[in-house]
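The values are calculated or read from the model by the stated rules, or taken from the named source; none is laboratory data. Here the structure is a predicted model, which means the values were calculated and not measured. Reconstructed Cβ throughout: ideal geometry from the backbone, glycine too, with neighbour counts over all protein chains shown.
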Amino acid sequence: MRLTLREFRAWDNKCVTLLGMSGVGKTRLATLLRRQNWFHYSGDYRIGTRYLDEAILDNIKQQAMQVPFLRDLLRSDSIYVRNNITVDNLQPVSSFVGKLGNPELGGLSLHEFKRRQALHRHAEILAMSDVPEFIRKARDLYGYRHFVNDAGGSLCDLEDDSVVELLDRHTLILYIQATEHDEEQLLLRARTDPKPLYYREAFLDEEVAAYLRDEGLQYVAEVDPDAFARWVFPKLFRSRIPRYEAIATARGYAVTSDEVAAVADESHFLALLEEAISRGR
């Protein structure tokens, strides 16, 4: 939602959605605010614990069933598997999403990868659709005054206008734009430690075809999963920037990752929001 400074200052129960790539400071900021009467809603945590929980466990069990010792214990109900997902540990979600490529190197077939991508997209839409109800719970059930939605980096790629419209009705959308230095750091991190990510299907199809062509490969099964993840990340990063900017221009406000990094407490954050509103208007 777009507000005047007067409206923002008079807003008793402030609700903010943080938008931007993973690594620009969204979770750090939300964690800081959590200690100062803000309810921290993590979209990725909700995805993992509510909407992908069973799929994640099934994936783990499928791996365990390949080990005879564990298979016998699982089939006899002698052991059980559960997730230990926390706001600070979302590894089970990443492991489920996986990487595309050679199965002997831990990769997924294109069909399986797209299936998991579709499940993740649906889960993220549902998690964002839960925001209004959690705003109510944060205030009425848990007694928090304010609410911060720590949205996933792929929010701009869901291609579902109703999600952004819903968030716009209930929250102030704040886009955290990576500075040139932070962009370099994100690209470096992706090269040294490539992570599983969500891709729009049209983007994925185009980039997979380009990678196979560039590398002289015929099949996805020949692709090194980490090599593809490193190669595609800069393209994904740059494809998302105009999408983030379009949302911020039409429905929200923008700040830089440097400005967010300088926030030390709630008062600094509120001052930054006021500055963003002033610039946006």
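Remarks
- Residues of region 148-199 that are assigned to a loop (DSSP other than H, G, I, E, B) and over 13 Å from residue 244 (Cβ atoms): 159, 160, 171, 179, 193, 194, 195, 196, 197, 198, 199.
Per-residue answers, yes or no, for (1) among the acidic types (Asp, Glu); (2) in a loop (DSSP other than H, G, I, E, B):
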site	(1), (2)
71	no, no
92	no, no
95	no, no
104	yes, no
142	no, yes
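- Candidate set from region 248-263 (those that are within 18 Å of residue 35 (Cα to Cα) and in contact (Cβ under 8 Å) with a residue 60 or more places away in the chain); member that is surrounded by the most Cβ atoms within 10 Å (Cβ to Cβ): 260
- Output for region 147-165, where each listed residue is closer than 24 Å to residue 275 by Cα and over 15 Å from the mean Cα position of the chain (by Cα): 147, 165
- Residue identified as closer than 20 Å to residue 30 by Cβ and charged (D, E, K, R) among 183, 245, 222, 266: 266
- From the list 124, 183, the one residue that fits, being out of contact with any Asp or Glu (no Cβ under 9 Å at 6 or more places or on another chain), surrounded by 19 or more Cβ atoms within 10 Å (Cβ to Cβ) and either among the hydroxyl-bearing types (Ser, Thr, Tyr) or under 20 Å from residue 22 (Cβ atoms) (or both), is 183.
- Identity of the residue in region 223-237, in a helix (DSSP H, G or I) and in contact with a strand residue (DSSP E or B) (Cβ under 7 Å, 6 or more places away or on another chain), that ends up farthest from residue 102 (Cα to Cα): 228
- Listed conditions (1) in contact with an Asp or Glu (Cβ under 9 Å, 6 or more places away or on another chain); (2) at pLDDT below 95 are all met by residue 281, apart from (1).
- Per-region count, region 264-273, residues in contact (Cβ under 8 Å) with a residue 40 or more places away in the chain, loosely packed, with under 14 Cβ neighbours inside 10 Å and assigned to a helix (DSSP H, G or I): 0
- The residue pairs whose first member lies in region 236-247 and is in contact (Cβ under 8 Å) with a residue 60 or more places away in the chain and closer than 12 Å to residue 174 by Cα, whose second member is among the charged types (D, E, K, R) and crowded, with 16+ Cβ neighbours inside 10 Å, and whose beta carbons are closer than 9 Å, counting only pairs six or more residues apart or on different chains, are 247/168.
- Of residues in region 23-75 being within 27 Å of residue 129 (Cβ to Cβ) and aromatic (Phe, Trp, Tyr), the one surrounded by the fewest Cβ atoms within 10 Å (Cβ to Cβ): 51
- Complete set of residues in region 208-237 that are buried (at least 17 other Cβ atoms within 10 Å of the Cβ) and either in contact with a Lys or Arg (Cβ under 6 Å, 6 or more places away or on another chain) or modelled with pLDDT under 95 (or both): 225, 229
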